[in-house]
Structure formats: structure tokens, C-alpha cells
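Notes follow once the structure below has been shown.
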Amino acid sequence: MPGYGKYRSPEEKEEFVKQLGADAKQRVIDLAENWEADAKDVAEFLIFSSRFPDYSVRNQMLIYKQNPYAMFTAGYNQFEKMGYTVQKGEKGMRIWVPHNITYYRGKESEPWKRLTKSTPKAVRDMIKAGMLETREELQFYRYGVVFDIAQTNCPAEDYPKLVGLGCADELHAAAFDIISEYSNRCGMPVRTIDLKSVALRGYYESETCNITINSRLADTQRLSTLLHEMAHGMLQHGMDTGKSRAQREFETDALSVMLESAMGLPITDTRKEHMSVEYKNYITELKTGKTDEEKAEINEQIDKVFKPIGDLYKRHAPQILAALRLSGIQPQPIKTAQAAPEQEEKTPEHIMDKPKRKMNRSLEREMNVERSEFFGNIERSG
């Protein structure tokens, strides 16, 4: 089948987009089936996804399936703005990019108006100044291309400012104090006391939202335990959430693995094995009593299982990392006015072919509707 820039007919274009959708769907199904057969790689995916909080879970899965070793991804133009160049001949990874429409209005009683290229500059300035109320609606999804930092000329010394390698072991004590303060501000007070034995590392009290950490633990163990107990609190397991035990255990372990990975803490093989057991228990529970068709649907939408975890990680991890950077525990990130990771952008021809002719408008509308329906389950988050 011809590449995106080698179309010769509208039919070939339509077939290409259909194939992209089928490929993306199959990648997600493959992951779900692989994890159900052998869930040991679930922890590896969680460690991987902790590096990409700005992507939807489904796009994290698509990137993971195409390159499980990716560390930091961006579009071609984004890397250019950061001062790096994608190496000639590198193959990008395809993800799905939401295309949103912005609406605005001056008063609640006024009708919403669509923001377009012809919208007057004065109105655009008012929107930027926050003088007008705005909202966005998802119109459809397009495919986009991203590259890993290893596919560029970025020097190794810049990696820590992009990838986030966590904090050094000797800084775990200081990190514990800073993250404890963050937990306090989130309504989960932390206390450190002697629990008389290192066998009991700590616990979260659902009635009071208090976190207790054993003072006998070494610095790294204390930090790891704190993040795990914070995961309990973030997921609000003390409240009547209607979640089963299997779901609660899986989500707690998954969120704590992501948080600990972001701090650079090692995830042991024993921990990964425990994570795989919790995942299999939860998936088995979800599929019990379901028809084959319903089970297949769960596999197609397996990203929904990870979405609550990803949403909480996206809410808390950046704030924790920012607090650590302010204290000098982690390197400051490279500043750039880069666009959102899932924003559509064009890639030069020497990297990936572009369309040579403009698509028929009626066909494009049909394809966009089809894409929107097919990828309707993808989260709208960045």
C-alpha cells in the first residue's frame, strides 16, 4: 500500500487511513492479549508510561508497542525548537492526535461562536487575556508522528534535563521531606515513628487520611513506602468508591510503581511479579461472566483500565517533580516553547513523506468522521 505522500487516488487515501486505524487497534489488542497471557510486562509498561504523562494512555500504548525503549518523544518541529535535529532516515512513531474546535462567548446569555481563521484579532486578543469564556469540542482524530530523543543529535549530557532520571540515592532523605510536605498539603499528613520492626514499613489510615512511615527504614525504603501509601490516599480507597478489592490493589500498586519510577527508585523483580498478579486478578474479575464478544471489547479498550491511574499520576507527579527541582534535587528541564506533544505538525519529506495533493474535501470529511468514530474511546487529555 502506498505511503501517505504517495497517493494516486482518493480510494488509496481512504484505504491508507483505514489501515492506520486497524494497525493502531491491533497494537492495543496485542498488548492486552500479551498481558493476559503473561502479565510480567505490565510493570514495564507502567515504568515506561511514567515518562509520558502528557500523552493519553492509548498513545502511550502505541508508542510502547512501536518502541518500548523510548525515553522522550516529540515531533520533528518540536525538536527543532529545542535545538536538536532528527537524524536523516529515522522512522517516526505514529500516534493519534485530537483535533479540537474552540468556541467563545462574552456572556452566559450569548450564543457560542466558533473560533476560526477569520475571527478578528481583537477577539483573539480578548481570548488570550481571559476576557472571553471558551470551551473546546473534539472534532476528530488525525495521525501524527513523533520521534524518540535517541533519534536526534541531542548530546548525552542533555538527557537528564529531558528524560528525568530521578534523584540520586544520597538525596532520598531530602526528597522524603519534600514529598512529605506535598502530601501534607494534599490532606494526607505524614508522620515518622518507630514501629519496632522493619517488617512493618508503613500504612495509610483511610478514616483520618494519615500516613505513618517506619523510622527504622533506610532512606530509599522510606521514600518508596511513602509513595506507595500516598497512592492509597490519592485513590481515596477509604471512601465508598464502589471498587472491588482486586481493582483497588491493582490501582494502588500501579500508581505507586509510576510514582517511584519517576523518582528514579528501582522496581524490583519481586515487585513486578506482585504487580502482574494484581493485574491478572483484576482482568479476570472484569471478564468473569462475560461473553466472548464482551471480553474482546475489554481488550480493545484496555486503556480504560489504566486511565484512572494515568489521570492521578498526571495530576500529582508534575507538582512533586517541580517541588524537587525547586530544592535542587533534580535538574531543571530544558525550557522551550514547544507545542503540546499531541499537537499535529508536519514532518519534512526527508524524514517522512507528506501528501503531494490536497485531499478531496468531501472524502476528507468522511474519513474524519470514520476516524472519530473508530477512536471515540481515546481520552481527550494531552
- Message: When you scan the stretch 57-68, do you find a residue that is without any contact (Cβ under 8 Å) to a residue 12 or more places away in the chain, out of contact with any Pro (no Cβ under 6 Å at 6 or more places or on another chain) and not small (Gly, Ala, Ser), even just one?
- Response: no
- Pick out the one residue from Gly92, Gly130 that is surrounded by 15 or more Cβ atoms within 10 Å (Cβ to Cβ) and not hydroxyl-bearing (Ser, Thr, Tyr). Gly92
- Does at least one position in the stretch 148-170 carry a residue that is free of Cβ contacts under 8 Å to residues at least 24 places away in the same chain, part of a strand (DSSP E or B), at negative phi and surrounded by 13 or more Cβ atoms within 10 Å (Cβ to Cβ)? no
- Message: Checking the structure you have, find out if any residue of the stretch 15-38 is exposed (fewer than 15 other Cβ atoms within 10 Å of the Cβ), farther than 25 Å from Glu137 by Cα and basic (Lys, Arg).
- Response: no
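Could you go through the stretch 95-109 and let me know if any residue there is within 26 Å of Ala22 (Cα to Cα) and of a type in the set (Gly, Ala, Ser). Even if it seems obvious, please write down each step before you answer.
So the first thing to find is which residues in the stretch 95-109 are within 26 Å of Ala22 (Cα to Cα), and the list is 95-101.
Going one step further and asking which of them are of a type in the set (Gly, Ala, Ser), we end up with none.
Checked the stretch 95-109: no residue is within 26 Å of Ala22 (Cα to Cα) and of a type in the set (Gly, Ala, Ser).
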- Which residue pairs have Cβ atoms closer than 7 Å, lie 6 or more positions apart in sequence or on different chains, and pair a first residue in the stretch 115-135 that is in a helix (DSSP H, G or I) with a second residue that is aliphatic (A, V, I, L, M)? Met126/Leu132
- Quick check, is Thr270 within 20 Å of Ala39 (Cβ to Cβ), assigned to a helix (DSSP H, G or I) and either touching a Lys or Arg at 6+ places or on another chain (Cβ under 8 Å) or without any contact (Cβ under 8 Å) to a residue 12 or more places away in the chain (or both)? yes
- Query: List the pairs whose first member sits in the stretch 214-238 and is part of a helix (DSSP H, G or I), whose second member is modelled with pLDDT of 90 or more and surrounded by fewer than 18 Cβ atoms within 10 Å (Cβ to Cβ), and whose Cβ atoms are under 7 Å apart, counting only residues at least 6 apart or on separate chains?
  - Reply: Asp219/Ala173; Glu229/Tyr203; Gly233/Cys209
- Task: List the number of the failed condition for Leu138; all other conditions in (1) under 21 Å from Ser50 (Cα atoms); (2) in contact (Cβ under 8 Å) with a residue 60 or more places away in the chain; (3) not in a loop (DSSP other than H, G, I, E, B) hold.
- Result: (1)
- Could you list, in sequence order, all residues of the stretch 273-328 that are in a loop (DSSP other than H, G, I, E, B) and either free of Cβ contacts under 8 Å to residues at least 24 places away in the same chain or under 30 Å from Ala22 (Cα atoms) (or both)? Thr288, Gly289, Lys290, Thr291, Gln301, Ile302, Gly328
- Message: On the basis of being under 11 Å from Val146 (Cα atoms) and part of a loop (DSSP other than H, G, I, E, B), does Glu90 make the cut?
- Response: yes
- Message: Here is a list: Ser9, Ser56, Ser50. Which entry is surrounded by 14 or more Cβ atoms within 10 Å (Cβ to Cβ), small (Gly, Ala, Ser) and farther than 20 Å from Val145 by Cβ?
- Response: Ser50
- By residue number, the members of the stretch 93-109 that are modelled with pLDDT of 90 or more, over 15 Å from Val146 (Cβ atoms) and either touching a helix residue (DSSP H, G or I) at 6+ places or on another chain (Cβ under 7 Å) or assigned to a loop (DSSP other than H, G, I, E, B) (or both) are Tyr104
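The values are calculated or read from the model by the stated rules, or taken from the named source; none is laboratory data. Note that the structure is predicted; figures quoted are calculated from it, not measured. Don't worry about glycine lacking a Cβ; one is built from the backbone with ideal geometry, like all the others, and counts go over all protein chains shown.
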